[in-house]
Amino acid sequence: MKRLVVIIATLLSLVLPATAFAYNPFSSACGSGGGASGSTACSTNGSDPISGKNGALKKVSVVLAGVAGVAAVIVIIFGGFQYITSNGDASKAASARNTIVGAVIGLVIIVAAESIILFVVSKV
């Protein structure tokens with residue numbers, strides 16, 4: 001039950017900030033009454049530089065998900081090495097299994113968070 005609560009809390013903490021980034025700070029400045037309509041930030045050909053399809057939010061989330069994914073795979077490999085070298089010791093084998101399960105859960109959370117962020121960005 002504790003793991004379920006931690007997983008749900010982690011997912012919520014990853015999803016809720018993504019909705020805050022969906023705000024377009026250039027909408028009032030670049031609109032018809034804004035004085036900055038000729039600036040570089042406003043001339044993005046209909047694409048928002050922060051939350052648009054190729055905006056900073058998407059680029060940062062892809063990089064962070066990639067780094068976290070590589071880290072999770074390294075932890076899975078480390079857990080497998082621990083499991084192999086446990087030599088039948090039940091406590092070491094259980095610790096290695098917990099390491100692998102934690103890394104797999106983290107990998108699932110990374111994929112879910114990245115999917116949610118990309119879904120939100122594609123709807124902006």
Selection status of L11, in a helix (DSSP H, G or I), modelled with pLDDT under 65 and under 19 Å from V120 (Cβ atoms): yes
- prompt: Looking at region 55-72, is at least one residue under 24 Å from E114 (Cβ atoms), assigned to a loop (DSSP other than H, G, I, E, B) and modelled with pLDDT under 90?
  reply: yes
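Going by what's in this entry, would I76 be described as modelled with pLDDT of 90 or more and surrounded by 11 or more Cβ atoms within 10 Å (Cβ to Cβ)? Lay out the reasoning, then the answer.
Working: modelled with pLDDT of 90 or more: yes; surrounded by 11 or more Cβ atoms within 10 Å (Cβ to Cβ): yes.
When the stated conditions are applied, I76 passes them.
Looking at the structure I just gave you, is L107 crowded, with 16+ Cβ neighbours inside 10 Å and modelled with pLDDT of 65 or more? Even if it seems obvious, please write down each step before you answer.
Numbers: crowded, with 16+ Cβ neighbours inside 10 Å: yes; modelled with pLDDT of 65 or more: yes.
Yes: the conditions hold for L107.
The values are calculated or read from the model by the stated rules, or taken from the named source; none is laboratory data. Because the structure is a prediction, the values reported are computed rather than measured. Neighbour counts run over all protein chains shown; Cβ positions are idealised from the backbone, glycine included.
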